[in-house]
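As structure tokens, the structure follows; a few thoughts come after it.
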Amino acid sequence: NDEAGSMRGPFEELLTQMVEHDVPFDAIGFQGHFGSVLTPPEEMLQILDRFAKFGKPIWITEFDVDIRDQQMQAQFTRDFYITMFSHPSVEGILMWGFWDGRHWKYNAPIYNADWTLKPSGEAWIDLIFNEWRTQEDGQTDEQGRYGIRGFLGDYELEVRFGDRTVKREIALTREGTSIHVVLD
């Protein structure tokens, strides 16, 4: 929005001065409170690119959407999360409250005051628990290898051969994950 836009220049200058004077910082945080002005994904990507030049992880430290049109709120929530997820510098998003009963802006969360899920909550759940989860079944090749490309996160791996089964908790990381399983 316009207020956030007016703060980006001074914030960028502050970060530039910090770098020039060797002032350490670990990450860059952006508030993500949206209301009547909804920033388009293309503009969000430009903003992220502008601050990615500092080479630090970017976190959205607060996210909510305060608009009355619940379908628009859901679409923007989906677009926002996809946009942030797509940018290599963004490491996470913190939702700023999720329930109308205890939020500083009554209409902004993903749950109504009676705990019914809003369309924005349905969009969030679909991304987090469906689209951005890897569930894979397959068979190893002749050398006993199997590879996948998956979303980062913690998983349960189950390997079966005949009547033998091995289960392991694994983490798929940015660097890649290699697991060696021996079935005795």
Hey, could you check segment 127-140 for residues that are in a helix (DSSP H, G or I) and open to solvent by less than 50 Å² (accessible area, probe 1.4 Å) and say which is nearest to Leu94 (Cα to Cα)?
Ile128
All but one of (1) crowded, with 16+ Cβ neighbours inside 10 Å; (2) touching a residue at least 40 places away in the same chain (Cβ under 8 Å); (3) over 19 Å from the mean Cα position of the chain (by Cα) hold for Arg8; state the number of the condition that does not hold.
(1)
Looking only at segment 88-102, how many residues end up being more than 19 Å from the chain's Cα centre (by Cα) and small (Gly, Ala, Ser)?
1
Go through (1) more than 30 Å from Ala113 (Cα to Cα); (2) among the basic types (Lys, Arg); (3) open to solvent by 90 Å² or more (accessible area, probe 1.4 Å) and name the single condition Arg102 misses.
(1)
Do the conditions hold for Thr165, that is, is it polar (S, T, N, Q) and open to solvent by less than 40 Å² (accessible area, probe 1.4 Å)?
no
Can you tell me which residue in segment 37-81 is nearest to the chain's Cα centre (by Cα), limited to those that are touching a residue at least 40 places away in the same chain (Cβ under 8 Å) and open to solvent by 70 Å² or more (accessible area, probe 1.4 Å)?
Gln75
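Just a yes or no: is a residue in segment 118-127 modelled with pLDDT of 90 or more, over 16 Å from the mean Cα position of the chain (by Cα) and closer than 19 Å to Asp66 by Cβ?
Scanning segment 118-127, I find at least one residue that is modelled with pLDDT of 90 or more, over 16 Å from the mean Cα position of the chain (by Cα) and closer than 19 Å to Asp66 by Cβ, so the answer is yes.
Filter segment 82-99 for residues that are part of a helix (DSSP H, G or I) and either open to solvent by 60 Å² or more (accessible area, probe 1.4 Å) or of a type outside the set (Val, Ile, Thr) (or both) and give the result. Give the steps one after another, and end with the answer.
Initially, segment 82-99 is screened for residues part of a helix (DSSP H, G or I), giving 82-86.
Residues satisfying the conditions are Ile82, Met84, Phe85, Ser86.
The values are calculated or read from the model by the stated rules, or taken from the named source; none is laboratory data. Since this is a predicted model, take the numbers as computed values, not measurements. All Cβ positions, even for glycine, are placed from backbone atoms using ideal geometry, and neighbour counts span all protein chains on display. Note: accessible area is taken over every heavy atom of the protein model, side chains too, but ligands, DNA and RNA are not part of it. Shrake-Rupley method; radii C 1.70, N 1.55, O 1.52, S 1.80 Å.
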